[in-house]
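Worksheet: one structure, shown below.
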Amino acid sequence: MKNLLKIAAALALVVLGFSPPAMAVQNVAATKHNLSSTNASPATNIYTPDTAFVCGFCHSPHTEAGGPAPLWNRAATGSTYTMYTSNTMDMVVAGSPASISLACLSCHDGAVALDQLINKAGSGGYVATGASAGWSFQIGATVIGAGATMANAPGGTVTNLGTVLTGDHPISVTYNPALDPQFVALATVQASALQLYGAGTDQVECATCHDPHEATAPTFLRASIDTLCTTCHIK
């Protein structure tokens, strides 16, 4: 019945002259975040031939450790970060990455091994603080080796942000247009395709602009690059 109602609603939109907005495709298996042997582009993406465990590089249905994302399965980075600063920025940046940004940085700061998991696939693989699964990684014919991090990948093949975040868009920012009139109203951004985080739904994080499961944009953007920036910035 629900499917029939959805079809009827879609047909009604067509009859009335409207077309529904394009929807993002949630299919991490078809993205560069699929580090398993099932990666669709092994010539250009990091992968391991040692497991077909697609989701397990980030999530596990039985992990008990908590973390920055649901059912989080990666070891904590433990890195100290240098956050973004600017004399022209009025909004408040946290002293260290928070929320979902820590999930992204657990790979993209180049400090934690790609296979440093809390719960390895199969029985008996649970280690609360995380442990290497012993998998070897490669890009095409280039073998990176066991215990590989983003920092070990060939130049230009992955985004290795490191721990100095001053050259990237600020993260863990409290979005508050009252401090800067050159920004769109909070409620407007909250209603957009972008995602704000935190208890007040007002925190700008890595995943505000990037959806790690998004399969239609190579850089995982939540909105078209033509409109992404102006969702928040008045220019």
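The values are calculated or read from the model by the stated rules, or taken from the named source; none is laboratory data. Keep in mind that what you see is a predicted model, and the values were worked out from it rather than measured. Cβ placement follows ideal geometry from the backbone for every residue including glycine, while neighbour counts extend to all protein chains displayed.
Tabulated data for the structure shown
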{"quantity": "Count - residues of region 204-229 that are in contact (Cβ under 8 Å) with a residue 24 or more places away in the chain and surrounded by fewer than 16 Cβ atoms within 10 Å (Cβ to Cβ)", "calculated": "2"}
{"quantity": "The listed residue being part of a loop (DSSP other than H, G, I, E, B), of a type in the set (S, T, N, Q) and modelled with pLDDT of 90 or more, out of Thr85, Thr63", "calculated": "Thr85"}
{"quantity": "So Thr38, is it more than 25 Å from Leu161 (Cα to Cα), of a type in the set (S, T, N, Q), at pLDDT below 90 and not in a helix (DSSP H, G or I)", "calculated": "no"}
{"quantity": "Those strands (runs of 3 or more DSSP E) lying entirely in region 97-203 with at least 1 residues surrounded by 12 or more Cβ atoms within 10 Å (Cβ to Cβ) and over 22 Å from the mean Cα position of the chain (by Cα)", "calculated": "126-132, 136-139, 142-146"}
{"quantity": "Any chance Ala128 is aliphatic (A, V, I, L, M), in contact with an Asp or Glu (Cβ under 8 Å, 6 or more places away or on another chain) and at pLDDT below 95", "calculated": "yes"}
{"quantity": "Qualifying residue in region 122-141 (condition: in contact with a Lys or Arg (Cβ under 6 Å, 6 or more places away or on another chain) and under 24 Å from Leu71 (Cα atoms))", "calculated": "yes"}
{"quantity": "Residue within region 65-84 that is free of Cβ contacts under 8 Å to residues at least 12 places away in the same chain, loosely packed, with under 14 Cβ neighbours inside 10 Å and hydroxyl-bearing (Ser, Thr, Tyr) present", "calculated": "no"}
